[in-house]
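Quick one: the structure is below, and I'll ask about it shortly.
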6 protein chains.
Amino acid sequence: MNNSCVYPGSFDPITYGHLDIITRSAKIFDKVYVAILNNTQKKGAFPTEKRVEMIQKSCKHLDNIVIEVFDGLLVDYVRKVKSNVIIRGLRAVSDFEAEFQMSHINLQIAPDIETLFLSTLPKYSYISSSMVRELAYFKGDFSYFVPECIVEDIKQQYK
Amino acid sequence: MNNSCVYPGSFDPITYGHLDIITRSAKIFDKVYVAILNNTQKKGAFPTEKRVEMIQKSCKHLDNIVIEVFDGLLVDYVRKVKSNVIIRGLRAVSDFEAEFQMSHINLQIAPDIETLFLSTLPKYSYISSSMVRELAYFKGDFSYFVPECIVEDIKQQYK
Amino acid sequence: MNNSCVYPGSFDPITYGHLDIITRSAKIFDKVYVAILNNTQKKGAFPTEKRVEMIQKSCKHLDNIVIEVFDGLLVDYVRKVKSNVIIRGLRAVSDFEAEFQMSHINLQIAPDIETLFLSTLPKYSYISSSMVRELAYFKGDFSYFVPECIVEDIKQQYK
Amino acid sequence: MNNSCVYPGSFDPITYGHLDIITRSAKIFDKVYVAILNNTQKKGAFPTEKRVEMIQKSCKHLDNIVIEVFDGLLVDYVRKVKSNVIIRGLRAVSDFEAEFQMSHINLQIAPDIETLFLSTLPKYSYISSSMVRELAYFKGDFSYFVPECIVEDIKQQYK
Amino acid sequence: MNNSCVYPGSFDPITYGHLDIITRSAKIFDKVYVAILNNTQKKGAFPTEKRVEMIQKSCKHLDNIVIEVFDGLLVDYVRKVKSNVIIRGLRAVSDFEAEFQMSHINLQIAPDIETLFLSTLPKYSYISSSMVRELAYFKGDFSYFVPECIVEDIKQQYK
Amino acid sequence: MNNSCVYPGSFDPITYGHLDIITRSAKIFDKVYVAILNNTQKKGAFPTEKRVEMIQKSCKHLDNIVIEVFDGLLVDYVRKVKSNVIIRGLRAVSDFEAEFQMSHINLQIAPDIETLFLSTLPKYSYISSSMVRELAYFKGDFSYFVPECIVEDIKQQYK
């Protein structure tokens, strides 16, 4: 076992909420794989390469993370990188049930892989990528919700 | 960092739900401290020594766990054993909020200690120590809910 | 199978919420056993005989109900009256989890007995016996929440 | 009253969760109508005839069920088959509110028809048709979640 | 401060649930702005002028309301009408989290504007515009759920 | 109508969560009555006079609040001070249902009085008086959770 974990998500774009989970995971595990789901059925707002770039900028202070794009089943990706832990952040009760359903499905099809949950810090608990996108679309101020270094990238996208 | 975790609880008595969390934690961490809270304000149904004994019997198949009794604040205990991770099982939405409140409090007073949550396996999700005690009190059959090796201990207590 | 059901509760006192569930169950099943739990560990506000009497008064319009007091495990009572269905009303999310936990426990220890849930009518969804007792204690007006014929009984109790 | 019930759904495809509810309903009621909603606004993954066929295969052990396709309002269908009970399975808190809203609407427009809820067995509580479809799409192993006799049908659909 | 409030929504169409919140708000505040969101990304079932008209008809008994259509960010509209209070109705737990998320976002980007919540009356708690539209589409009876004076308008739309 | 509101609670002791609600209410209403429930059935940890004193110290920056102790029914107190609005803070889903039940009861017995809810700021959402008391009891650091000016008062109580 290599004491690593995988933190999967859309990161479309990365928010302070995601960054909180990445930073705290990086204190517990030797290596954190930040894994961007390339959802072939539902195109994101930002191209996956742009999402990688924004995560890279936001995580410069961390030296034990790897950022990758994956498609297909999450558990196949976890095995590929030889990890056995999935990390997920929980913000609210509505997250809870969908996340637990997913974790039970994954435990059934891959019993060697565990999902561990971190509670998102309260001050970030109401932030979501979709809210950031909506604010950006309407030229509202979204700068409280994402790392400063990517504010311009997001504005560019919604110009 | 010693890659250990602390799994605190009342274990009054240990159930299959607890055992599931202990077993899965033992696969992820090098050492699991099973920490029985000695609640001086609310006496349990079983003496703490009996609870230690029942956990020992139930966990014979695991060689990387330590069973201890603690009182006072949980974070003080976690520091004493030089760990930085608390493990908690989540069964249902009603667990969720109380557990998250506690984890936020702990993160505020001890920022170096993280709480990680595991979702209890669905088949154990409705089991609780209090339900076992009530069944035992009314001479109902509680043997589906606790390890076989402690069924007699519980019956003795409620004779 | 005798097409009957058991509706268990404390009925301390019966409210319009309970009466709604009893009346609707009586349309579906040939016989409804209204089963008052005699909780030996927690004394109620009204003596069980008084609770029986208040249910009787409130259910005069129904001719297929039987009102009884039971103690011990619910499933033992259900078997004694040769039924195989427990009826429970659900008001809110907070009811949901406790009720489901109980139904799963009962299904495990008595697989031949099913629990069926009815959703309490919205207009009664916020009524509870404890709220009625508190209003009665403080001489507030609780007459919207219980059948008219038992208002005096409750006032007498809190004189 | 003919002591029957209607269990409506999309069954796209049937899962072990659905089969659990059908089997338990068939123990309580003399006849169970399994009613496949033909949603004209949202095409399913499987044609309705295929869904009928998969339910038939899965329910061979039951001799008191009728499988039919309906469109329009559910309460109209329930009246057509001369039943007065709708059966629904509840898995999680998130089901709860949508289901209760629907049951209150139905009770308002058809006061003679009651909705009864069964709690899905915990071990099936995290299974959904959409999860099965997603696993099948990505060539994951979904065989734990549906009756063995329809595994091939599903694979064929996603070839 | 002009002691007014803004009640935003889609009102597609207005229901008794909306009318309840408007009427109660009009008792607390000197002026209530009923603000119809003109969602450019998601076309409604009724044109916004028709929605204005239906609200007008339904609110004839109130003399302190103003009905307007807005687009863009809600907080910009609130400032434009010189109010500092947003009113929202809460029906169920599932409303709760989305509404709170929105209120926290709004408080972050506009700290001078507060969101106040009213609990929808239980008897209206299960009503939604989408349910009304679905009933109208299938020629079901939706007249219990909307003001009588707009029943014909809705029927016309779904002819 | 005097444009005032009543904010009831135990305030045993006041926390930053309470102070947040008081401060925000004081921006919306001309006068805020902070009403301490003197629960005759359940003695608090701090005497009511001490609770008044701690609220006074914490609210020195506000000039439109009145701090009072009341017993009996809340709606009777609201009428006594000639207000028609009750303010409550909501932190989590678990608050939601108990609070809504109470608001519906109050609306039934006093239709002229409305309850308005504010969402507690996320950063205070996990704070509760009971948590503060427990930390104080175990000599933990509770100073993040209550106004600085009352930290010593609380320490004195738990000496």
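So what is the relative contact order of region B:4-157, in percent, for Cα pairs below 8 Å that sit 6 or more residues apart?
Across region B:4-157, relative contact order equals 31 percent.
Taking H placed 1.01 Å from N in the peptide plane, check which residues at least 5 places from residue D:70 or on another chain put their amide H under 5 Å from its amide H.
D:36, D:37, D:38
Next question, about the same structure. Semi-axes, largest first, in whole Å: what does sqrt of 5 times each Cα gyration tensor eigenvalue give for region D:4-157?
Working: eigenvalues 123, 54, 50 Å².
Whole-Å semi-axes of the equivalent ellipsoid: 25, 16, 16.
Solvent-accessible area per residue for region F:4-157 at a 1.4 Å probe radius, Å²?
Details: 6240 Å² over 154 residues.
So region F:4-157 comes to 41 Å² accessible per residue, rounded to a whole number.
What is the set of long-range amide H partners of residue D:33 at a cut-off below 5 Å, with H atoms built 1.01 Å from backbone N?
D:5, D:6, D:7, D:66
Can you give the charge dipole size of the protein assembly as shown about its Cα centre, rounded to the nearest 20 debye, using +1 on the beta carbon of Lys and Arg and -1 on the beta carbon of Asp and Glu?
It works out to roughly 0 debye.
Right, another one. Taking the alpha-carbon centroid of each part, what is the distance from region C:115-129 to region B:107-159 in angstrom?
Measuring centre to centre over Cα atoms gives 30 Å.
Continuing with the same structure: Mean Kyte-Doolittle hydropathy of 1.6 or higher plus an axial Cα length of 24 Å or more: which whole DSSP H helices in chain D meet both?
Span-like helices in chain D: none at all.
Considering only protein heavy atoms and a probe of 1.4 Å, how much of the accessible area of the protein assembly as shown is carbon and sulfur, as a whole percent?
Reported share for carbon and sulfur atoms: 49 percent.
To the nearest hundred square angstrom, how large is the accessible surface buried between C and F, total for both chains, probe 1.4 angstrom?
Details: alone 9170 and 9180 Å², together 17110 Å².
Protein heavy atoms only, the C-F interface buries about 1200 Å².
Then there is this: Sort shortest first the distances from residue D:31 to its counterpart in every other copy, using label points 7 Å along the Cα-to-beta-carbon line, and give them in nm.
From this label point to the equivalent ones elsewhere in the assembly: 2.6, 6.4, 6.4, 6.8, 6.9 nm.
Can you list the residues, at least 5 places off or on another chain, whose amide H is less than 5 Å from the amide H of residue D:115, using H built in the peptide plane?
Here D:86 satisfy the definition.
Under the Karplus relation 6.51 cos²θ - 1.76 cosθ + 1.60, θ = phi - 60°, what is the ordered set of whole-Hz ³J(HN,Hα) values for region D:147-159, x standing for Gly and Pro?
x, 3, 5, 10, 4, 5, 4, 5, 4, 3, 4, 9, 5
Which chain F residue sits with its beta carbon nearest the axis carrying F onto D, and how many Å away is it, rounded to a whole number?
F:93, 4
Which distances in nm, rounded to one decimal and ordered from shortest, link the label point of residue D:98 to the equivalent label points in the other identical copies, with labels set 7 Å from Cα toward Cβ?
Listed shortest first, these distances are 1.1, 1.2, 2.7, 2.9, 3.0 nm.
Given a 1.4 Å probe, show me the residues in region E:124-159 buried by at least 30 Å² of accessible surface when comparing the whole protein assembly to the chain alone.
Buried-area filter returns E:126, E:131, E:135, E:137, E:138, E:144, E:145.
In region D:59-86, what residues drop by 50 Å² or more of accessible area when the other protein chains are put back, versus the chain on its own? Use 1.4 Å, and skip ligands and nucleic acids.
When all protein chains are present, D:73 each give up 50 Å² or more of accessible surface.
Put the label 7 Å from Cα along Cα→Cβ for residue B:155; what are its distances to the other copies, in nanometres, shortest first?
Here the equivalent label points are 4.7, 5.5, 5.6, 7.1, 7.5 nm apart from this one.
Which three extents, in angstrom, do the Cα atoms of the protein assembly as shown have along their principal axes, listed largest first?
72, 69, 61
On to the next question. Could you pull out every one of the lysines with an alpha carbon less than 23 Å from that of residue D:42, ignoring same-chain neighbours closer than 8 positions?
Correct list for residue D:42: A:42, A:43, D:50, D:155, D:159, E:42, E:43, E:139, E:155, E:159.
Any idea which of E:96, E:67, E:107 is furthest toward the positive side of the dipole for region E:22-110, if Lys and Arg beta-carbons carry +1 and Asp and Glu beta-carbons -1?
Highest projection toward the positive end goes to E:67.
Express as a percent, rounded to the nearest 5, the fraction of DSSP beta bridges in region D:2-159 (both residues included) that run antiparallel.
Roughly 0 percent of the beta bridges in region D:2-159 run antiparallel, per DSSP.
Considering only C-alpha atoms, what is the centroid distance from region C:22-94 to region E:1-80, in Å?
Result: 47 Å between the Cα centres.
The values are calculated or read from the model by the stated rules, or taken from the named source; none is laboratory data. Please read all numbers here as calculations on a predicted model, not as lab measurements. FYI the Cβ positions are ideal-geometry reconstructions off the backbone, even for glycines, and counts take in every protein chain you see. Note: areas computed on protein heavy atoms with side chains; ligands, DNA, RNA excluded. Shrake-Rupley method; radii C 1.70, N 1.55, O 1.52, S 1.80 Å.
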